[in-house]
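See below for the structure under consideration.
The values are calculated or read from the model by the stated rules, or taken from the named source; none is laboratory data. As the structure is a computational prediction, the values presented were derived from the model and not from experiment. Positions of Cβ are generated from backbone atoms using ideal geometry, with glycine treated the same way; all protein chains shown enter the neighbour counts.
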Amino acid sequence: MRFRVFLFLFGNFVGAYAQSNKAAELDSLYREDQIYIGVTYNALVNLPSGVSQNSFSTGFHLGVIRDFPINKRRNVAIGLGLGYSINTFNQNIRISSTTPTTYTILEDINYSKNNFSQHLLEVPLEFRWRTSNSETYKFWRVYTGVKMGYLLASKSVYNGEPGNETHRGLKGLNTWQYGLTLSVGYNTWNGYIYYGLNPIFDSISSTNAQSIEMNALKIGLIFYLL
């Protein structure tokens, strides 16, 4: 009888020890939030005189971030990734692909659509804090960092008087875009903000004798997956 009790207790001990070892192994290997999908409202800040936005400007963001935990609990990490982003800005600067490219503020002209868009290859670098562990899927997170974007393609669209225009490969946009990022949230829902540190247009682009030194501000939601 005592031997059976001993076997029972020994078996429970071995099982608990194996589970603790398995949990420890998982804890030593697990990473968080390595795929992201985001949608944003895109605003322009530092607008030149007479420039305004109209309609709703959107952005779509998708990428992979490698999570590098830097503490034993693995809830503090550095994230480095690669992503793709497409952003549209509806506003009242008409871009004409002449030589050189001209930028004209639309005043007293009937038009139904006027925007420019960017396709960016992006490299996010984040400092990450969260309340997670290997068995918790609902937790708080605060991720902040910088994002560098390389302009892959661009397009402007104008529909109005005296005729429609579409131009690709705009010459006046900065090839590199970089800014600060912050995402904060719990579980699925996370607020996201990006503020561009350099202008969208280069220093030689101007409209009505003003430099177009507009920066991007993107506000929206971001979703993380393992």
So ASN71, is it at pLDDT 90 or above, more than 30 Å from LEU120 (Cβ to Cβ) and of a type outside the set (Val, Ile, Thr):
yes
By my count, strands (runs of 3 or more DSSP E) wholly in region 119-226 with at least 2 residues that are small (Gly, Ala, Ser) are 140-160, 176-186, 189-196, 215-225
Using the structure shown, decide if GLY149 is within 26 Å of SER97 (Cβ to Cβ) and either modelled with pLDDT of 95 or more or loosely packed, with under 15 Cβ neighbours inside 10 Å (or both). yes
Any residue at all in region 96-108 that is within 25 Å of the chain's Cα centre (by Cα), without any contact (Cβ under 8 Å) to a residue 60 or more places away in the chain and more than 20 Å from ILE35 (Cβ to Cβ)? no
All-but-one check, TYR137 against (1) aromatic (Phe, Trp, Tyr); (2) at pLDDT 90 or above; (3) farther than 18 Å from GLY196 by Cα, failing number (2)
Here the residues within region 56-73 that are in contact (Cβ under 8 Å) with a residue 60 or more places away in the chain and surrounded by 13 or more Cβ atoms within 10 Å (Cβ to Cβ) are GLY59, HIS61, GLY63, ILE65, ASP67
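Does ARG73 satisfy the criteria of being within 19 Å of GLN118 (Cα to Cα) and of a type in the set (D, E, K, R)? Please lay out each step first, then the result.
Working: within 19 Å of GLN118 (Cα to Cα): no; of a type in the set (D, E, K, R): yes.
Spelling it out, it is not the case that ARG73 is within 19 Å of GLN118 (Cα to Cα) and of a type in the set (D, E, K, R).
Looking at region 34-70, which of its residues are among the aliphatic types (A, V, I, L, M) and closer than 21 Å to THR188 by Cα?
Residues of region 34-70 among the aliphatic types (A, V, I, L, M): 35, 37, 39, 43-45, 47, 51, 62, 64-65, 70.
Selection gives ILE35, ILE37, VAL39, LEU62, VAL64, ILE65.
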